[in-house]
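One structure is given below, encoded as C-alpha cells.
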Amino acid sequence: MRREPIQLKTGDTESVIHERTRCSRLDSPPEFAAGELLSEDTLRRNLKYAGKGLKVFKGSRLFPPEVISVGESTRIDEGVFIYGGAGVDIGCNVHIAAGAAIIGGGECRIGDFAGISARALIITGLEDINSGKPTNPTVPPECRVVKRGKVSVGAHAVVFAGAIVLPNVEIGEGAVVAAGAIVHHDLKPWRVYAGNPLVQVGARREGDIKKIAAMIR
Ligand SMILES: CC(C)(COP(=O)(O)OP(=O)(O)OC[C@H]1O[C@@H](n2cnc3c(N)ncnc32)[C@H](O)[C@@H]1OP(=O)(O)O)[C@@H](O)C(=O)NCCC(=O)NCCS
C-alpha cells in the first residue's frame, strides 16, 4: 500500500504513530493491528494524575493506578509494567518503551524528557537476603524482610535497553546508562556510563539539549 507523506509539526512523533495505525487497519487482520491508546477519560479517572496529551497504550499495566502520576505529553508503550508501590511519579515528555518495567514496591521519580528504553528494569525494593528469613511474596509478611527504597531518574536522563537500575540510586539530570548496564550507585549529571562494572564513557551537551527542550515545552 502506498503511504502519503506525513507532515510533522516540530517534535510531533504521534502523527507518525496514528498514520501507521490507520494504514495497518486498512490492510492487516485485527491480530496484527497497531496498538491502541487508553482513553484520556480512563486515564484521568484512574491515575493519581494524568497530564494533558498523555498517551498510554493498551496492553501496558499500571497498578495500582491511584499511586501513579504521569505528566503531560508522556508516552507509555504496550508491554510496560509499572507497579506503583510507595508512589511512582513520571514527568512530562517522558517515553517508556515496550517491555520496560518499574517494580519493587518503593518510590520512583522520573524527570521530564527522560527515556526508559525497551526491557530496561527499574527496581525500587529488594528482599533482604541477609535477614535470615525466607524470601518471596508467597512467604507471610511477618516471616520475610523487604527493603523498600527510592530510584530517581533525572530530567533528560536515558536508561537504554535492558539496563537494570537497583534501589536507592539517583541518576543525575541528563545522565545516560548504556544498554545492558547495571546501575548500583548514583550517576553524575550529563555523563554517559556503560559496561559492568559501570564506567564513564562520555559526556553530553547540556546547554544544547535544554535549549531545544525549552522550545518544545
Ligand atoms: C549509550 C550509547 C548510546 C553510547 O553511545 P556513544 O556515546 O556514541 O558512545 P560510543 O559508542 O562511542 O562508546 C563509548 C565507549 O563505550 C563503550 N560502550 C558503548 N555502549 C556500551 C554498552 N552498551 N556496554 C558496554 N560498553 C559500551 C564503547 O565500546 C566505547 O568504548 P571504547 O571507547 O573503549 O571503544 C550506546 O552505546 C548504547 O548503549 N546504545 C543502546 C541504545 C539502545 O538501547 N537503544 C534502544 C532504544 S532507543
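FYI, it's all coordinate maths here, none of it is from the lab. If you're wondering where the values come from, they're calculated on a predicted model, not measured in any experiment. Neighbour counts run over all protein chains shown; Cβ positions are idealised from the backbone, glycine included.
Within the stretch 131-161, take every residue that is touching a Ser or Thr at 6+ places or on another chain (Cβ under 8 Å) and within 12 Å of the ligand (Cβ to nearest atom) and give me the one that is nearest to GLY111 (Cα to Cα). Steps first, answer last, please.
First, the residues of the stretch 131-161 that are touching a Ser or Thr at 6+ places or on another chain (Cβ under 8 Å): 144-145, 148-151, 158-161.
In the following step, the residues that additionally are within 12 Å of the ligand (Cβ to nearest atom) were identified as 158-161.
Working: VAL158: 10, VAL159: 12, PHE160: 15, ALA161: 18 Å.
Only one residue tops the list, namely VAL158.
Please indicate, with yes or no, whether at least one residue in the stretch 192-201 is within 16 Å of the ligand (Cβ to nearest atom), in a loop (DSSP other than H, G, I, E, B) and out of contact with any strand residue (DSSP E or B) (no Cβ under 9 Å at 6 or more places or on another chain).
Going residue by residue through the stretch 192-201, those that are within 16 Å of the ligand (Cβ to nearest atom) are 192-201.
Adding the requirement that they be in a loop (DSSP other than H, G, I, E, B) leaves 195-198.
With the extra rule that they be out of contact with any strand residue (DSSP E or B) (no Cβ under 9 Å at 6 or more places or on another chain), the set shrinks to none.
No, the stretch 192-201 contains no residue that is within 16 Å of the ligand (Cβ to nearest atom), in a loop (DSSP other than H, G, I, E, B) and out of contact with any strand residue (DSSP E or B) (no Cβ under 9 Å at 6 or more places or on another chain).
What residue, of GLU66, GLU72, is over 19 Å from PRO167 (Cα atoms) and in a helix (DSSP H, G or I)?
Working: GLU72 fails: in a helix (DSSP H, G or I).
The conditions single out GLU66.
Would you point out which residue out of HIS185, HIS156 is surrounded by 14 or more Cβ atoms within 10 Å (Cβ to Cβ) and assigned to a loop (DSSP other than H, G, I, E, B)? Give the steps one after another, and end with the answer.
Values: HIS185 fails: surrounded by 14 or more Cβ atoms within 10 Å (Cβ to Cβ).
Of the residues listed, the single one that is surrounded by 14 or more Cβ atoms within 10 Å (Cβ to Cβ) and assigned to a loop (DSSP other than H, G, I, E, B) is HIS156.
Within the stretch 202-217, can you find the residues that are farther than 16 Å from VAL158 by Cα and either touching a helix residue (DSSP H, G or I) at 6+ places or on another chain (Cβ under 9 Å) or in a loop (DSSP other than H, G, I, E, B) (or both)?
Within the stretch 202-217, just ARG217 meets the criteria.
This table checks each residue for (1) among the charged types (D, E, K, R); (2) assigned to a loop (DSSP other than H, G, I, E, B); (3) closer than 25 Å to ALA175 by Cα.
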residue	(1), (2), (3)
ARG45	yes, no, no
GLY53	no, yes, no
PHE57	no, no, no
ASP89	yes, no, yes
ASN93	no, yes, yes
ALA98	no, yes, yes
GLY105	no, yes, yes
CYS108	no, no, yes
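Which pairs turn up if I take residues in the stretch 188-217 that are within 19 Å of ALA163 (Cα to Cα) and among the hydrophobic types (A, V, I, L, M, F, W, C) and look for partners that are outside any strand (DSSP E or B) and away from the ligand (no atom under 15 Å from the Cβ) with beta carbon separation below 7 Å, at least 6 apart in sequence or on another chain?
TRP190/GLU173
Please verify whether LEU166 is more than 10 Å from the ligand (Cβ to nearest atom) and surrounded by 15 or more Cβ atoms within 10 Å (Cβ to Cβ), treating the condition exactly as stated.
Numbers: more than 10 Å from the ligand (Cβ to nearest atom): yes; surrounded by 15 or more Cβ atoms within 10 Å (Cβ to Cβ): yes.
Yes, satisfied.
Which pairs do you get when a residue that is under 18 Å from ILE102 (Cβ atoms), found in the stretch 36-61, comes within reach of a residue that is surrounded by 14 or more Cβ atoms within 10 Å (Cβ to Cβ) and of a type in the set (Phe, Trp, Tyr), reach meaning Cβ atoms under 9 angstrom, with the pair 6+ apart or on two chains?
From the stretch 36-61, the pairs are LEU38/PHE57; SER60/PHE81; ARG61/PHE81; ARG61/TYR83.
Taking the stretch 169-182 as the search range and keeping residues that are among the hydrophobic types (A, V, I, L, M, F, W, C) and either over 18 Å from the mean Cα position of the chain (by Cα) or surrounded by fewer than 17 Cβ atoms within 10 Å (Cβ to Cβ) (or both), which one is farthest from the ligand (Cβ to nearest atom)? Step through it out loud before you land on a result.
If we filter the stretch 169-182 for residues that are among the hydrophobic types (A, V, I, L, M, F, W, C), which is where we start, we get 169, 171, 175-179, 181-182.
Narrowing further to those that are either over 18 Å from the mean Cα position of the chain (by Cα) or surrounded by fewer than 17 Cβ atoms within 10 Å (Cβ to Cβ) (or both): 179, 182.
Values: ALA179: 4, ILE182: 11 Å.
Looking at residues that are among the hydrophobic types (A, V, I, L, M, F, W, C) and either over 18 Å from the mean Cα position of the chain (by Cα) or surrounded by fewer than 17 Cβ atoms within 10 Å (Cβ to Cβ) (or both), I get ILE182.
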